[in-house]
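Chemist: One structure coming up, written as structure tokens, with questions to follow.
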């Protein structure tokens, strides 16, 4: 575990939301190329999850297996910010029931699900 990798992981852990590469660079104090390389390697080994942002601007966060926090995302389609939200038990039961029905019909095997809500964050909505 290098000092840069530790800094990248620390930035993701402290953020409380998925971060862009630029935000990781700023928070971790590492060069951009180092952030890209470390994030790619951490995604490949399952420590970090890539979150699809708006317009191809991916964000990164600790994998749920490490954070022990199941959540979903709200993605602003204007500024690209990605925020976490905790689903209600009712929503999770509905999603699980629908997925189970789809799996029964298709034979697909699922390991996890991703649920993103896309729209405008409060700041962008207030700007008009």
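Chemist: Does the range 91-110 contain any residue that is within 25 Å of residue 55 (Cβ to Cβ) and either touching a strand residue (DSSP E or B) at 6+ places or on another chain (Cβ under 8 Å) or at pLDDT 85 or above (or both)?
Modeler: Scanning the range 91-110 turns up no residue that is within 25 Å of residue 55 (Cβ to Cβ) and either touching a strand residue (DSSP E or B) at 6+ places or on another chain (Cβ under 8 Å) or at pLDDT 85 or above (or both).
Chemist: Search the range 17-50 for residues being in contact (Cβ under 8 Å) with a residue 60 or more places away in the chain and within 9 Å of the chain's Cα centre (by Cα), and hand back the single one that is nearest to residue 5 (Cα to Cα).
Modeler: Looking at residues that are in contact (Cβ under 8 Å) with a residue 60 or more places away in the chain and within 9 Å of the chain's Cα centre (by Cα), I get 18.
The values are calculated or read from the model by the stated rules, or taken from the named source; none is laboratory data. Every value quoted in this text rests on a predicted model; they were computed, and no experiment measured them. Note that each Cβ is placed from the backbone with ideal geometry, even for glycine, and that neighbours are counted across all protein chains shown.
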